[in-house]
Amino acid sequence: MSNQLKVGIVGGTGMVGQRFVQLLDGHPWFKVTTIAASASSAGKTYEQSVQNRWKLSTPIPEAVKNIVVLDASEVEEVASQVDFIFCAVDMKKNEIQALEEAYAKTGTPVVSNNSAHRWTPDVPMVIPEINPGHLDVIAAQRKRLGTETGFIAVKPNCSIQSYVPMLHALQQFKPTQVVASTYQAISGAGKNFTDWPEMLDNVIPYIGGEEEKSEQEPLRIWGSVQDGQIVKADAPLITTQCIRVPVTDGHLATVFVSFENKPAKEEILRIWREFEGRPQQLGLPSAPKQFITYFEEENRPQTNLDRDIEGGMGVSAGRLREDSLYDYKFVGLSHNTLRGAAGGAVLIAELLKAEGYIQAK
């Protein structure tokens, strides 16, 4: 398996970093060779550094237990050992921006789970099935950073994956107005019920910054590459409310939508079932075979039952019906730490490799 690319996980001890470690265990293309984190974890083995804070239900993979954690701020040292990195650090926005650019300038591709670069004009923010064409902006970014091989690509906010794919599949009918309420799992805050007992039997009607992201990020994803930067779309108009609910994993959305050209219900269902993107066409290892699954039952999708569809990489919808104020309403669901976080980033990396952007150094 010597043709596998060597991967570093920067921010590998946190919850999303742990999910990267889990997802990459046994990956056909990528092998975790390096893990970096804050100075307090550096010098310990990975097992030692996460022993009391391993948050996943599966055990720590054997292959990484004895990797000695490096200091993430030692950019040259980490970069010299890998072909590319996944970044999932918990730092201030300006610190993350500087760190990711420092890695990119060493000629190392950075696939980021952080929000810091989501609005940097020449950084592609990608849902691989929806806007793979935004990778074209990497050429301009490389020029700005002065590197031939390094760059940053980012994954969007986890909550929008629960409704944007369904709307994207219907772009030909020109959605004009969207109202979405998301009911978001506690793992989206990097927590479980042990860490956050006040979430038991409770709903918190506010998640800082989430509504703005949920309203604006879809427009960037639907934007276009012009003159070396991504110009966001001006429609549809989206308004959201984002609610924290007592669920471990899975973000559920209730969505209302109106179109310029209203499609028939049967047409919507057919398009959802048939929709596929670049990952499906390329047969990428982490790509769901069926990207959007529609449930005919009135009480589906359910977070607990359906979040793991297609290994947590598919999204699901249900309850599509006509509405009295808007054209249609439906319910969507996605797994926030798989499709919405680490899994979505792994799929981006697979797309980047398949399209020639990530290669062995």
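The values are calculated or read from the model by the stated rules, or taken from the named source; none is laboratory data. These numbers were taken from a predicted model, which means no experiment stands behind them. When we count neighbours, we look across all protein chains shown, and the Cβ atoms used for this are built from the backbone with ideal geometry, even at glycine. These area figures cover heavy atoms from the full protein model, side chains too; ligands, DNA and RNA do not enter into them. Shrake-Rupley method; radii C 1.70, N 1.55, O 1.52, S 1.80 Å.
Pairing each residue of segment 320-333 that is under 10 Å from VAL257 (Cβ atoms) with any residue that is open to solvent by less than 80 Å² (accessible area, probe 1.4 Å) and of a type in the set (Asp, Glu), provided the two are 6+ apart or on different chains, yields C-beta distances under 7 Å for LYS329/ASP323.
For segment 249-286, which residues satisfy the criterion of being outside any loop (DSSP other than H, G, I, E, B), of a type in the set (Phe, Trp, Tyr) and under 30 Å from ALA354 (Cβ atoms)? Please lay out each step first, then the result.
Here is the first cut: in segment 249-286, the residues outside any loop (DSSP other than H, G, I, E, B) are 251-259, 265-274, 278-282.
Among the residues that remain, those that are also of a type in the set (Phe, Trp, Tyr) are: 256, 259, 272.
Listed by number, the list holds a single entry, TRP272.
Within segment 158-175, the residues that satisfy the criterion of being assigned to a helix (DSSP H, G or I) and within 23 Å of the chain's Cα centre (by Cα) are CYS158, SER159, ILE160, GLN161, SER162, VAL164, PRO165, MET166, LEU167, HIS168, ALA169, GLN171. Cβ-Cβ contacts under 6 Å between residues 6 or more apart (or on different chains), taken from a first residue in segment 26-39 that is under 29 Å from LYS92 (Cα atoms) to a second residue that is polar (S, T, N, Q), are listed as LYS31/GLN4; THR34/GLN81; ALA37/THR13.
Annotation note: Cβ proximity below 7 Å between a residue of segment 287-313 that is polar (S, T, N, Q) and a residue that is open to solvent by less than 60 Å² (accessible area, probe 1.4 Å) and part of a loop (DSSP other than H, G, I, E, B) (sequence gap 6+ or interchain) occurs for GLN290/GLY314; THR293/GLY314; THR303/VAL247; THR303/GLY250. Scanning segment 18-46 for residues that are part of a helix (DSSP H, G or I) and surrounded by fewer than 17 Cβ atoms within 10 Å (Cβ to Cβ) yields a count of 0. For segment 328-350, the criterion of being open to solvent by 30 Å² or more (accessible area, probe 1.4 Å) and in contact with a helix residue (DSSP H, G or I) (Cβ under 8 Å, 6 or more places away or on another chain) is satisfied by no residue at all.
Given the criteria closer than 28 Å to PHE30 by Cα, under 21 Å from the mean Cα position of the chain (by Cα), modelled with pLDDT of 95 or more and of a type in the set (A, V, I, L, M), does LEU252 qualify?
The answer is no for LEU252.
Residues are listed down the side, and each one gets a yes or a no for (1) over 17 Å from ALA169 (Cβ atoms); (2) open to solvent by 60 Å² or more (accessible area, probe 1.4 Å):
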position	(1), (2)
GLU260	no, yes
ALA264	no, no
ILE268	no, no
GLU276	no, yes
GLU297	yes, yes
LYS361	yes, yes
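When only residues in segment 16-60 that are of a type in the set (A, V, I, L, M, F, W, C) and more than 30 Å from GLN359 (Cβ to Cβ) count, which is farthest from the chain's Cα centre (by Cα)? Among those that are of a type in the set (A, V, I, L, M, F, W, C) and more than 30 Å from GLN359 (Cβ to Cβ), it is ALA39.
Tell me which residues, restricted to segment 308-327, are under 20 Å from VAL21 (Cβ atoms) and open to solvent by 40 Å² or more (accessible area, probe 1.4 Å).
Initially, segment 308-327 is screened for residues under 20 Å from VAL21 (Cβ atoms), giving 308, 311-313.
Selection gives ASP308, GLY311.
Among the residues of segment 176-234, count how many are part of a helix (DSSP H, G or I) and open to solvent by 80 Å² or more (accessible area, probe 1.4 Å). Looking only at that region, the number is 2. Of all residues in segment 183-212, those that are aromatic (Phe, Trp, Tyr) have Cβ atoms under 9 Å from Cβ atoms of residues that are exposed (fewer than 10 other Cβ atoms within 10 Å of the Cβ) and in a loop (DSSP other than H, G, I, E, B), 6 or more apart or on another chain, in PHE193/LEU200. Residues in segment 277-299 that are over 17 Å from the mean Cα position of the chain (by Cα) and farther than 16 Å from GLU350 by Cα: GLN290, THR293, TYR294, PHE295, GLU296, GLU297, GLU298, ASN299. Residue count for segment 89-113, restricted to those that are closer than 25 Å to ASP227 by Cα, buried (at least 18 other Cβ atoms within 10 Å of the Cβ), of a type outside the set (Ser, Thr, Tyr) and in contact with a Lys or Arg (Cβ under 9 Å, 6 or more places away or on another chain): 2.
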